[in-house]
Amino acid sequence: MPALPGWQDRSRFIARHGKLSFYHYDFYGQALAKVERDHPRDRHDVACMIRDEWVKPGRLLELFTEVECQLIRYPAVDAAALRERVLEIASSGV
C-alpha cells in the first residue's frame, strides 16, 4: 500500500526512551492496509478504530482517493475490490 499523504503528522506519539521516540503509525494507513487484507480480525480492528474515533470513515475515503491512482504499482492489490470496501465503510460508518 502506498503511504497516505500527511501520515507523519497523524502518527501518534507513544513514548521517548533516551534519544529514541516511538510512534503509532498513522491509523488511517493501518486501517487502509487492514481493509485491503480483509481478514475477519482486520474488519474488527477497523470497526474499533472507527468506534474509538481514531479513524473517520469519510476521511478514510478521501485519503484512499488521493492514493488510488498509485495502486497500479502494487499488482497484488485488487484496487476495485479495495475501493468497494472503502466505499462501504464510508457509507455505513463501519
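No value in this document is a laboratory result; all are computed from the given coordinates. What you see is a predicted model; the values in this text were computed from it and never measured. Here the Cβ positions follow ideal geometry from the backbone for every residue, glycine too, while neighbour counts run over all protein chains shown.
Key figures
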read-out: Test: residue 88 is surrounded by 12 or more Cβ atoms within 10 Å (Cβ to Cβ) and out of contact with any helix residue (DSSP H, G or I) (no Cβ under 7 Å at 6 or more places or on another chain); value: yes
read-out: Residues of region 15-48 satisfying the condition of being in contact with a Leu (Cβ under 9 Å, 6 or more places away or on another chain), at negative phi and not hydroxyl-bearing (Ser, Thr, Tyr); value: 26, 29, 31, 32, 35, 36, 46
read-out: Residue among 5, 57 that is surrounded by 10 or more Cβ atoms within 10 Å (Cβ to Cβ), in contact (Cβ under 8 Å) with a residue 24 or more places away in the chain and more than 19 Å from residue 89 (Cα to Cα); value: 5
read-out: Residue that is surrounded by the most Cβ atoms within 10 Å (Cβ to Cβ) [pool: residues in region 9-39 that are without any contact (Cβ under 8 Å) to a residue 12 or more places away in the chain and in a helix (DSSP H, G or I)]; value: 37
read-out: Top-ranked residue in region 60-77 [being in a loop (DSSP other than H, G, I, E, B) and either free of Cβ contacts under 8 Å to residues at least 24 places away in the same chain or hydrophobic (A, V, I, L, M, F, W, C) (or both); ranked as surrounded by the fewest Cβ atoms within 10 Å (Cβ to Cβ)]; value: 76
